[in-house]
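Structure, as structure tokens:
The values are calculated or read from the model by the stated rules, or taken from the named source; none is laboratory data. Predicted model, so just to flag it, every value in this text is computed and none were measured. Note that we place each Cβ from the backbone using ideal geometry, even for glycine, and neighbour counts take in every protein chain shown. Ligands, DNA and RNA are excluded from the accessible area calculation, which covers all protein heavy atoms including side chains. Shrake-Rupley method; radii C 1.70, N 1.55, O 1.52, S 1.80 Å.
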Amino acid sequence: MLIIDCPHCGPRTEDEYGYGGQAHVAYPEDPSALTDAEWAQYLFYRDNPKGLYSERWVHSAGCRKWFNAVRDTRTYEITATYLPSDPRPAPHGGPLAPTTTAKE
Amino acid sequence: MTSRRLATGGLIGRDETIKFTLGSTTYAGFAGDTVASAALANGIARVGDSIYLRRPRGVMTCGVEEPNAFVRVEGGYGESMLPATTLELADDLQMTWEDGIGTLDQSVDDAEYDHMHVHTDVAIVGAGPAGLSAARAAVATGVRVTLLEQDFALGGSLLGRPGEQVEGRPAHEWVQQVRAELEAAPNCRILLRTSVFGSYDNNYLVALEKRTGHLTTEGMSRQRVWHLIVGRVVLATGSFERSLIFAGNDRPGVMLASAAQAYLGRFGVLVGERVVVFTTNDSAYPVAADLAAVGATVTVLDARPSAGCQLPPAVDVRFGMVVVETLGDEVVTGVRIASADGSDVVPQELECDLLAVSGGWSPNVSLHSQRQGALRWDERLVGFVPTAPVARQALAGAVLGTSWTEGCLSEGAAAGADEVSPVHAGERADRAGATADLWLVPGPHGDLATHFVDPQRDNTAADVVRAVGAGMRSVEHVKRYTSISTGLDQGKIGGVLTIGLLTQLLSAPDMAAVPAGQPGQVVGDGAEDGEVNEGGRATNASMRPSPGALGTTTFRAPFTPVAFVALAGRSRGQLYDPARLTPSHGRQVELGARFEDVGQWKRAWYFARHGEDMDAAVARECRAARENVAYMDATTLGKIEVRGADAATFLNRIYTNAFAKLAVGKQRYGVMCRPDGMVFDDGVTFRLADDRFVMTTTTGGAARVLEWLEEWSQTEWPDLDVWFTSVTEQWTTIAVVGPRSRQVVAALAPDLDVSKEGFEFMAFRDTTLASGIPARIARVTFSGELAFEINVSGWYGQSLWDDVSAAGESLGITPYGTETMHVLRAEKAYPIVGQDTDGTVTPQDLGMSWVVSTKKEFVGKRSYERASHNATGRKQLVSLLPLDTTLRLPEGSQVIEQAAAPEGPLDGPARMPIPMIGHVTSSYHSQAIGRSFALALVKDGRDRVGQQAVASFGGRFVPVEIGDAVVYDKEGTRRDG
Amino acid sequence: MKQRDLPEHPEFLWHNPEPSSMYDVIIVGGGGHGLATAYYLAKNHGITRIAVLERGWLAGGNMARNTTIIRSNYLWDESAAMYEQSLKLWEGLEDELDYDIFFSQRGVMNLAHTLQDERDSVRRVEANRLNGIDAEWITPEQVKELCPIINIGQDIRYPVMGATYQPRAGIAKHDWVAWAYARRASDMGVDLIQNCEVTGFEMDHGRVTGVHTNRGTIHAGRVALAAAGHTSVLTEMAGFRVPIQSHPLQALVSELHDIIHPTVVMSNHVHVYVSQAHKGELVMGAGVDPYNGYGQRGSFHVIEQQMSAAVELFPAFSRAHLLRTWGGIVDVTLDASPIVGLTPVEGMYVNCGWGTGGFKAVPGAGTAFAHTIANNAPHPLNEPFALDRFETGALIDEHGAAAVAH
């Protein structure tokens, strides 16, 4: 059971939250300008690092707010949670895995 | 059988006799007994046969690691595979010995099981000397403390040594005093009979508390699963004594030395009078002393050349000796012994009725390891010990290898107070003394067939040898090749023994091929200061690998077995995903409704009158809606208020069609798609004001849609001023449908102009009903007929149902259910998301290109430019008209081309695949067109309209005509009445 | 009692060689798929200079952690073809590999609990039959006949409304399957190298020429990835991406009990799947944990939800005991179908994305992947499962179509 620190409500158990996958993947500003391959990258490709991962959670059974977390997918340790509008915090344990599709 | 119970001694309640039955015999024990102690007291040595080899077996341990003695409890809550060594004796328990295979009780378990969720600052697992000391210290700091003990008594290892002096008084008095102190403290909760079986991330512990006996529930839950969120965990989980591997080491009468001591000290049972103690370490000497002190004849065989402790008086100690074989028919009557170095040619024999064995100690690291806590092999302690506690945890006592009570007390006190342990690693090894790393005593017969490593699984050293011979190098492979450690004790008996044995069987050059059981978690072996042995491979000149190089198998929850039903807790029966009911549910039950599950809701499916089957009921309901007037409960549709200055802009981006210019007081149907362009949900949205909408969603999709809106609003368009509130349960909705619905609504809402001109299609009005109930009435249709949807506050839901019934009574208003709703909408080809779509269907596929804006951007639009959306072969919604107009195709029937159909029916699967072009999504008898019809998704279906095809179901192949999706009132003449 | 005492494994299984410096083919990942691929490369294509590189112990990943369900009753033609080919191979596998893998065709049923479940089930059954797959839609009474311990009463929250049933489906012993392939591969000269983690790739002008490992650099003309949840980690090193996400998936067993559950029951709606293995333990799978994770463990509430569902459907399991839980890492694609084929790197091939369904596909995917590697071109079976379907949108959407996972 993960315990996740909602930026609005504080620490709550995982069963209050929904998972949203990789964070910082914006809906393309002009989808029609993209090639099929680029559009496929947006639709289907997400980073899948073994290590630190910026990901989205929603506090479904609480404030219903989406927020981001930095979690280590090996240890499941969450090192930061932050608002979607905030930049990804600099991790203290080293650089994040590169995010090739990230549009901050 | 002779009684083995001594006249005095032990911590049992001798004035409270307990009767119990094992098999067909009734016995007596005392309060405070376990089933095993009572059985041993009654002279029962053999408790059953081994699972496969059918060898006699006896009680081997005094705890959760027991591999042999299991009972099935009969009666009320029959339960199998309960270790006799931990089962508390209770009046009238009826039990049968089991031999490693249980029998499930098939009766329904009507007892209650519940779950408790708590926060605690400090949780201490284990109430031995270290745990009690930790609890005392933690309580003194004023924080909330929870002490969890799996046994029904506090004391841990002290229970077996009640006379030992602790802080100047006998151990059992000391335990009682600490208990009294803790019970008096307002900040301490003691949970007895509570096994912490799982340790998860973030100090989340899961524990099972056994609250009542087996036969009664005493008005409370039988068992409780505790979920604890813990600030700091102190693991004072102790250690397990190891057995030794020699011929016949499984014979009844062979017991762990500490168990023999515990049966004596705690239960007053002297398991044997002529005792041989076979040890590799000093811990067995106090056992020998205790046994000798009550009159047993004791011989100690110590595999080492000397002991590190004082030798007990009146005990025959022989150094450098080992047991090579046990003797006896059913139970041990003697042992064959030899010198440890193999120099004796002819083994000697010794008579005995108890062989107490100590092969060293393995710290009980299960909960530590469940959290990926690292282990190292300690050469001096000869055991896997934690390298360091995991974050926000502390370790104290024997789990670290601290073997002396005083050390456990000071270490516990430090752990409880969150201070650094005063015990140094070196001291642990010094105090424990040397342990011989003896992993195998070769037998006198040259084979290893009765050298048991895992008695429960009937696995021997011969099996391990065979595994290595087959090429197995990893502990995990050996486990799986043999099945060692897969029994109820999950390796508590055989785990480390196997690893030790493997170190003798593998030579160093082999080690390159050895994958560690837990890669990266066992940090090699090494000095006690935690130094990692580089590479962790061979550790000495003999080229034997170290156990640390092999690693362990993975420790997993649960530490001890847990009944499924306890984990289910209250989430059973009516409380398993509780059903959602609408306010008028009771009225619908009275009218004879049958219900279907839609999402979490119960929805009326159809209302059969007496003698009617479903078809007849639905036909009647359909006619009523098309020819007269009918009503249904539409409350379950999801309803979401969308508010804010940018609400219209937001909806315009989410829906495929335009919403920006929707007028206040009007509604519009909309479809929303996922970014991949597939239909996600649909529904009608009302515009209440410039900045205020109410969106309706599908019944099953409401929660999903709300999250969807939140997601897009918050994560993609945070600049938009818009927010969302679920109002599904705040509103009740009754649809009044049919050419005479206007009359009913007029009667209900006398202030409302319900005329065609005064209340146009897709408008809505707020009004007050004749009953005084405020209402919002919408002109909208899901049947093509003139229809109104009346929305009132949920509190008035049943009242509205009654009012509609009354207002329509003179007209013969008819209640209808979801089946009729489905027929009516299918006649008009209104799709049901999730029935006519399956996540691979676009609005265009449904024939609803009109709902897909070409002018604006919306979620998913880009996907329609992809190759697969512009090639032929997309499945499109059409109708199928069976040539046999009475035949209703089963939903799910497949559609094939005429040319592909076989000559006759198939009574099994096709021999060669028959290509399919589509499938039936909806299928009904239509009263309106007087025949059966279906909706289907068919490849290039719209190009095939007018053509024949074949529907396949149940091996039959029937001709159908493909038609336009709409089969009734294509012109839409009926919606205004 | 004796009948549940499984026969012993063969006297000898595989050699433990040191890696050579050069192979024709390197297969990264010594699980079921990797071992089967090696075997079929050797047997069907005569390629035997093969190394299977396994970072831990052979078949210690999902192969050792799955609930061993084998069936082929998938909805879409492409999936049905792949899994049915696999099932046909399963039916001859004990003879082919000369190993008693306890393939037990005891039937698998997928329960329906709602009207929509029923529609989806009938749709799948009818599609299966036309695709040549044995499939039936059975009534609750027939469910009860096949599995007497199921509660088909109306008194439970989601009563059983029927089931799809595939009689030829069943279970096998997972380790035994992996070891059967490993033994035959080792026999034919394939080097099975454990404790060997790939840390990078040797490339030459866009073509892979070898792998870097913790045991040195090993050269090869072709490199095939069969690393399930870890595939992303490998492809990242090779410079391309695969659209998979790795999630924990948990499963559990009880202690041994007298056999009372004769078939395999799956329910997507209340989420439980359960069989009773040959020795008598109940084997169950839980739902996929929602978050990405390589920890081979999940969250306990997922297990608790699973137990509720199990006890609802099977009152007899109430006082069975949870003995062990564990987790694997499943590699999930957005359409719940695998990726098997060529990659943007010349000489490199990928087989991943099986999600919860990899075990049953081992023989079929093994043959198809071996064909792909040997011919540098996909086999017709795996052609639809190419990476490019994510661009064209021609997905094979098994979960969207409500086919049951696992």
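Odds and ends about this structure:
- Residues that are open to solvent by 10 Å² or more (accessible area, probe 1.4 Å) and either within 7 Å of chain C (Cβ to nearest Cβ) or aliphatic (A, V, I, L, M) (or both) within the stretch B:454-465 comprise B:ALA462, B:VAL465, listed in sequence order.
This table checks each residue for (1) open to solvent by less than 40 Å² (accessible area, probe 1.4 Å); (2) touching a residue at least 12 places away in the same chain (Cβ under 8 Å); (3) more than 14 Å from chain B (Cβ to nearest Cβ).
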| residue | (1), (2), (3) |
| --- | --- |
| C:LEU13 | yes, yes, no |
| C:PRO17 | yes, yes, no |
| C:TYR23 | yes, yes, yes |
| C:ILE27 | yes, yes, yes |
| C:HIS33 | yes, yes, yes |
| C:ASN44 | no, yes, yes |
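- Filter result for A:TRP39 (part of a strand (DSSP E or B) and either crowded, with 18+ Cβ neighbours inside 10 Å or of a type in the set (D, E, K, R) (or both)): no
- Set side by side, the residues B:ALA625, B:ALA608, B:ALA647, B:ALA619 differ, and just one is surrounded by 23 or more Cβ atoms within 10 Å (Cβ to Cβ), among the hydrophobic types (A, V, I, L, M, F, W, C) and more than 30 Å from B:ALA689 (Cα to Cα), which is B:ALA625.
- Residues that are among the aliphatic types (A, V, I, L, M) and within 7 Å of chain C (Cβ to nearest Cβ), drawn from the stretch B:550-569: B:ALA557, B:VAL562, B:ALA563, B:VAL565, B:LEU567, B:ALA568
- Residues of the stretch B:1-48 that are under 23 Å from C:ASP258 (Cα atoms) and either modelled with pLDDT under 95 or assigned to a loop (DSSP other than H, G, I, E, B) (or both): B:GLY23, B:SER24, B:ARG46, B:VAL47, B:GLY48.
- Elements of type strands (runs of 3 or more DSSP E) contained in the stretch B:194-291, each with 1 or more residues being closer than 30 Å to B:ARG5 by Cα and open to solvent by 20 Å² or more (accessible area, probe 1.4 Å): B:204-210, B:239-241, B:274-279
- Total residues in the stretch C:66-116, condition touching a strand residue (DSSP E or B) at 6+ places or on another chain (Cβ under 9 Å), within 30 Å of B:VAL598 (Cβ to Cβ), surrounded by 24 or more Cβ atoms within 10 Å (Cβ to Cβ) and within 14 Å of chain B (Cβ to nearest Cβ): 5
- Index of the failed condition, C:ARG324 passing every other in (1) open to solvent by 10 Å² or more (accessible area, probe 1.4 Å); (2) touching a Ser or Thr at 6+ places or on another chain (Cβ under 6 Å); (3) at the interface with chain B (Cβ under 7 Å from one of its Cβ atoms): (2)
- No other residue among B:SER771, B:SER755, B:SER713 is over 22 Å from B:THR636 (Cα atoms), in contact (Cβ under 8 Å) with a residue 60 or more places away in the chain and of a type in the set (S, T, N, Q) apart from B:SER713.
- Within the stretch B:650-667, if we keep just the residues that are closer than 18 Å to B:ASP681 by Cα and among the hydrophobic types (A, V, I, L, M, F, W, C), the residue that is surrounded by the fewest Cβ atoms within 10 Å (Cβ to Cβ) turns out to be B:ALA658.
- Flag if C:VAL288 is within 26 Å of C:ALA112 (Cα to Cα), of a type outside the set (Asp, Glu) and within 11 Å of chain B (Cβ to nearest Cβ): no
- Counted residues, the stretch B:466-481 - those being surrounded by fewer than 23 Cβ atoms within 10 Å (Cβ to Cβ), within 8 Å of another protein chain (Cβ to nearest Cβ) and among the aliphatic types (A, V, I, L, M): 1
- Scanning the stretch B:684-695 for any residue that is closer than 23 Å to B:TYR830 by Cβ and within 33 Å of the chain's Cα centre (by Cα) turns up nothing.
- When B:ALA436 is tested against (1) of a type in the set (A, V, I, L, M); (2) touching a residue at least 24 places away in the same chain (Cβ under 8 Å); (3) surrounded by fewer than 24 Cβ atoms within 10 Å (Cβ to Cβ); (4) in a helix (DSSP H, G or I), just one condition goes unmet, and that condition is (4).
- Screening B:LEU158 with (1) more than 14 Å from every other protein chain (Cβ to nearest Cβ); (2) part of a loop (DSSP other than H, G, I, E, B) gives one miss only, at (2).
- The condition of being within 24 Å of B:SER258 (Cα to Cα), of a type outside the set (Asp, Glu) and surrounded by fewer than 20 Cβ atoms within 10 Å (Cβ to Cβ) holds for only one of B:TRP404, B:TRP377, that being B:TRP404.
- Unique match (being open to solvent by less than 10 Å² (accessible area, probe 1.4 Å) and either in a loop (DSSP other than H, G, I, E, B) or among the basic types (Lys, Arg) (or both)) among B:GLY847, B:GLY834, B:GLY797, B:GLY784: B:GLY784
- Test: residue in the stretch B:681-691 that is among the basic types (Lys, Arg), at pLDDT 95 or above and surrounded by fewer than 17 Cβ atoms within 10 Å (Cβ to Cβ): no
- Tally, over the stretch B:855-889, of residues that are farther than 21 Å from B:ARG942 by Cα and of a type in the set (Ser, Thr, Tyr): 3
- Within the stretch A:42-55, considering residues that are farther than 14 Å from A:LEU2 by Cβ and in contact with a Gly (Cβ under 8 Å, 6 or more places away or on another chain), the one most open to solvent (accessible area, probe 1.4 Å): A:ARG46
- Residue satisfying all of: in the stretch C:233-281; polar (S, T, N, Q) and open to solvent by 10 Å² or more (accessible area, probe 1.4 Å); farthest from the other protein chains (Cβ to nearest Cβ) among these: C:ASN268
- Filtering the stretch B:404-427 to residues that are of a type outside the set (A, V, I, L, M), assigned to a loop (DSSP other than H, G, I, E, B) and modelled with pLDDT under 95 leaves B:SER421, B:PRO422, B:HIS424.
- Residue check: B:GLN574 meets all listed conditions (1) at the interface with another protein chain (Cβ under 10 Å from one of its Cβ atoms); (2) open to solvent by 40 Å² or more (accessible area, probe 1.4 Å); (3) modelled with pLDDT of 90 or more but one, namely (3).
- Selection status of B:LYS970, over 28 Å from C:THR164 (Cα atoms) and not hydrophobic (A, V, I, L, M, F, W, C): yes
- When the stretch A:7-27 is filtered for residues that are facing chain B (nearest Cβ under 8 Å) and either of a type in the set (S, T, N, Q) or in contact (Cβ under 8 Å) with a residue 24 or more places away in the chain (or both), the ones remaining, listed by number, are A:THR13, A:GLY18, A:GLY20, A:ALA26.
- First in the stretch C:229-253 and free of Cβ contacts under 8 Å to residues at least 12 places away in the same chain and under 13 Å from C:GLY200 (Cα atoms), second anywhere and of a type in the set (Lys, Arg) and open to solvent by 20 Å² or more (accessible area, probe 1.4 Å), Cβ under 9 Å, 6 or more apart: C:VAL233/A:LYS50
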